[in-house]
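Structure first, then comments.
We did not get these values from a lab; they are worked out from the coordinates using the rules stated. Given the structure is predicted, the values throughout are model-derived calculations rather than measurements. Cβ: placed from backbone, ideal geometry, glycine included. Neighbour counts: every protein chain shown.
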Amino acid sequence: MTIIALEGLDKSGKHTQTELLVERLRAEGYKVEQSEFHRYDTPTGQLIQRWLYTRSGNMPEGMEPYDVDQKTIELIMAADKQAQQKWFEELDAAGTDVLILDRYVGSQYAYGLPANKAADQNLKYGEIHSWLQSLLRFVRTPDLTILIDLPPKESINRKGKHGGNDRYESDFNLLTDVRSMYYDHINTLVRGSSAMVMGQLPAEEIHKDIYKEAKRVLPPV
Ligand SMILES: Nc1ncnc2c1ncn2[C@@H]1O[C@H](COP(=O)(O)OP(=O)(O)OP(=O)(O)O)[C@@H](O)[C@H]1O
Ligand SMILES: Cc1cn([C@H]2C[C@H](O)[C@@H](COP(=O)(O)O)O2)c(=O)[nH]c1=O
């Protein structure tokens, strides 16, 4: 099974592009599954969602705050990914050709590095990076990571699907750092199995670029 992860800043179009790619590959005859991270339908995902809205000033009505420190939420975010590995194995065993993910491990590096640095200035980027690598040691590596690149200003201004912005979505400085961490990520850790597309193009144009990259790693149907 080939795993393709779509990555990018908040509201860069990952969901839109996941849907377009899934539909096209299915129409070609591939057996396709899709998922996303965080998995808000799981216990870990629900804690993360509550944490993201706590201190955001946009807590949705009826949602209980959940406030833990940055290192603790990072562990929960890694657990959220580890918990899906069994499902990945099941998909593989069932003959799935391709799994398309809206965010995956790239997000944990791109957001986790600056967010943990901001929370604890004594930490060095190298220390945070090796810590995150150890947390993700046993999760499957994507076969292709596609970064949908978007300027932070545009990310903040786009209308989201979950209502008001969460604590990361309106933090311009954080998003600026996240964007450069994504560049580092695709040029180092997943170099050779990554691509970048321009998120400011119309959705259909971005889809053409993403489809071309996906076909490079997929065997013929
Ligand atoms: N190419 C595009 N140009 C302009 N707007 C777009 C484009 N693609 C998506 N959008 C709009 O941006 C918003 C976010 O899109 P989408 O939900 O696909 O992004 P996302 O990266 O999955 O978001 P999130 O990070 O919040 O999960 C939506 O309002 C969508 O209509
Ligand atoms: C997977 C993952 C995500 N994040 C951050 C990135 C976003 O700001 C939110 C998720 O928002 P979305 O609207 O559901 O895309 O969480 C992170 O910090 N670490 C991760 O591993």
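Think of each Lys and Arg Cβ as +1 and each Asp and Glu Cβ as -1; about the Cα centre, that makes the dipole of the stretch 69-167 roughly 380 debye. By the Cα gyration tensor, the stretch 65-130 has an equivalent ellipsoid whose semi-axes, rounded to whole angstrom, run 29, 13, 9 from largest to smallest. Relative to the longest principal axis of the Cα atoms of the chain, helix 43-53 runs at roughly 60 degrees.
What whole number of Å gives the distance from the Cα centroid of the stretch 12-43 to the Cα centroid of the stretch 165-213? Each part's Cα centre sits 17 Å from the other's. With both labels modelled 7 Å from their Cα along Cα-to-Cβ, the residue 198 to residue 158 distance reads 1.6 nm.
Taking the C-alpha atoms only, the angle from helix 14-27 to the longest principal axis of the chain is near 20 degrees.
Counting only alpha carbon atoms, the long axis of helix 105-119 and the longest principal axis of the chain meet at about 10°.
Stokes-Einstein diffusion of the stretch 1-126 at 10 °C, 1.306 mPa s viscosity, Kirkwood radius from Cα pairs, rounded to a whole number: 98 µm²/s.
Counting only aspartates and glutamates at least 8 places from residue 159 when in the same chain, those with an alpha carbon closer than 12 Å to its own are 10, 169.
Rg/Rh for the stretch 62-221 (Cα atoms only, Rh after Kirkwood) is 0.96. Here the chain is treated with +1 on each Lys and Arg Cβ and -1 on each Asp and Glu Cβ, and its dipole about the Cα centre works out to around 300 debye.
The ranking of 212, 161, 71 from fewest to most other beta carbons within 10 Å of each one's beta carbon is 161, 212, 71.
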